[in-house]
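In what follows, a structure is listed as structure tokens, so that the remarks can point back to it.
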Amino acid sequence: MPETEPRLWKPVRPFSRALVIVAHPDDAEFGAAGTIARWVELGTDVRYVVLTDGASGSADPAMTRERLVEIREREQRAASKELGVSDVTFLGYPDGFLEPSLEARRKVAAEIRRHRPEAIITLNPEVRWTAWGSVNHPDHRAVGDLVLHSINPAASTRLWDPTLIDEGLEPWDVAELWMTAFGRGSEMVDITGTFERKVDALRRHASQLSGWDPEPRMREMAAVRGREVGVELAEAFVVLRFRVLDEDGSEAVRDKPPTNPKPAR
Ligand SMILES: [Zn+2]
């Protein structure tokens with residue numbers, strides 16, 4: 001639990017690029033769609049990396065893993081389109097079996113180096129169960145660990161795996177890590193203006209809803225978070241800040257090698 005009072009997010013400037021790295025199609029929408037829609041409105045180029053194929057997400061005896069993979073990819077593309085996300089990459093790991101392996105870490109690090117995001121949204125690997133009595137999915141914890149250990153060392157360290165450099169993937173330092181928090185977070189984003197789009201995006205995951213209307217429950221949860229910071233509806237995150245964003249945000253400034261480089265890790 002964060003020790004400080006949650007605060008309402010007020011950006012110095014919008015992020016130039018953000019990468020949303022999640023385990024399953026629909027993770028991004030449940031945890032962060034209101035925030036993603038807001039970032040896009042502010043001008044951030046938001047992209048997704050979805051690690052698993054979503055093939056386990058059905059209780060229908062007539063469903064097969066093969067058919068579900070196609071359905072869930074289509075649903076994820078439609079949902080992210082609702083939010084204005086510019087790109088979705090599926091890494092294709094089998095749903096339900098994701099491990100924070102070195103092989104998967106290299107792939108996540110490669111995506112971070114390729115997209116060069118200022119901010120990453122992912123799932124909090126500390127969450128093993130929730131206050132309302134559900135067990136967190138192990139894929140959710142695995143993706144959080146993979147992102148943390150890509151930020152340091154796999155994406156940021158030149159010699160962690162020199163073959164990444166051979167592939168043209170230079171090291172990249174992420175500025176901010178945002179981990180979705182269904183309970184109390186350290187940072188709240190006002191999603192009052194984008195809540196309807198969150199719900200529209202969630203409805204695109206029809207295979208996961210089985211006719212359930214996500215609106216009332218999502219509104220109730222967002223209202224609880226909103227009350228903590230004096231807005232109508234909010235999403236909560238645990239945010240880590242690794243570097244201060246340069247004010248003008250120009251690529252030229254950010255991509256220039258530092259004049260006073262920090263010592264190698
Ligand atoms: Zn999930």
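Summary table below
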item: Relative contact order for the chain, counting Cα pairs under 8 Å that sit 6 or more residues apart, in percent; result: 25
item: In the range 154-237, chymotrypsin sites (Phe, Trp or Tyr not before Pro) in a DSSP loop with at most 15 other beta-carbon atoms within 10 Å; result: Trp212
item: Amide H contacts under 5 Å for Thr89, placed H, 5+ residues apart; result: Tyr48, Val49, Val50
item: Backbone N within the range 162-196 under 12 Å of label point (7 Å from Leu240 Cα along the Cβ vector); result: 174-179
item: Accessible area per residue, Å², the range 143-203 with all protein chains present, probe 1.4 Å; result: 36
item: Accessible area in the full protein assembly, largest first, 1.4 Å probe, for Leu98, Leu159; result: Leu159, Leu98
item: Separation of alpha-carbon centers, the range 114-134 and the range 1-65, rounded to whole Å; result: 9
item: Stokes-Einstein D in µm²/s, Kirkwood radius over Cα pairs - the chain at 4 °C with 1.567 mPa s viscosity; result: 68
item: Under-5 Å amide H pairs with Ala234, H placed in peptide plane, nonlocal only; result: Ile191, Ala223, Arg225, Gly226
item: Helix-only mean residue ellipticity at 222 nm for the chain, each DSSP H run of n ≥ 4 adding -39500 (n - 2.57), per residue, nearest 500; result: -11500 deg cm²/dmol
item: Rounded accessible area of Glu176 (nearest 10 Å², 1.4 Å probe); result: 10
item: Cβ-derived FRET efficiency at R0 35 Å, Glu99 paired with Ser210, nearest 0.05; result: 0.75
item: Extension reserve of the Glu247-Asp166 stretch, reckoned as 0.36 nm per residue once the Cα distance is removed; result: 25.9 nm
item: Apportionment of accessible area to carbon and sulfur, the chain, percent (1.4 Å); result: 55
item: Antiparallel DSSP beta bridges within the chain, as percent of all bridges there, nearest 5; result: 35
item: Residue-by-residue Karplus 3J(HN,Hα) for the range 214-229, coefficients 6.51, -1.76, 1.60, Hz, glycine and proline x; result: x, 4, x, 5, 5, 5, 4, 5, 5, 5, 4, 5, x, 4, 5, 10
item: Per residue accessible area in Å² of the range 87-127, where ligands, DNA and RNA are left out and the probe is 1.4 Å; result: 40
item: Segment Val135-Asn152, length gained on full extension (0.36 nm per residue, minus Cα span); result: 3.4 nm
item: Table column - 3J(HN,Hα) (Hz), the range 144-153, Karplus curve with 6.51, -1.76, 1.60, x for Gly and Pro; result: x, 5, 4, 5, 4, 7, 7, 4, 9, x
item: Cut-off under 5 Å, modelled amide H: who pairs with Ser156 long-range; result: Trp172
item: Per-residue ³J(HN,Hα) for the range 208-213, Karplus 6.51 cos²θ - 1.76 cosθ + 1.60, θ = phi - 60°, Hz, x for Gly and Pro; result: 8, 9, 6, x, 5, 8
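The values are calculated or read from the model by the stated rules, or taken from the named source; none is laboratory data. Just so you know, these numbers come straight off a predicted model, no measurement behind them. All Cβ positions, even for glycine, are placed from backbone atoms using ideal geometry, and neighbour counts span all protein chains on display. To get the accessible areas, we keep the full protein, side chains included, count just its heavy atoms, and leave off ligands, DNA and RNA. Shrake-Rupley method; radii C 1.70, N 1.55, O 1.52, S 1.80 Å.
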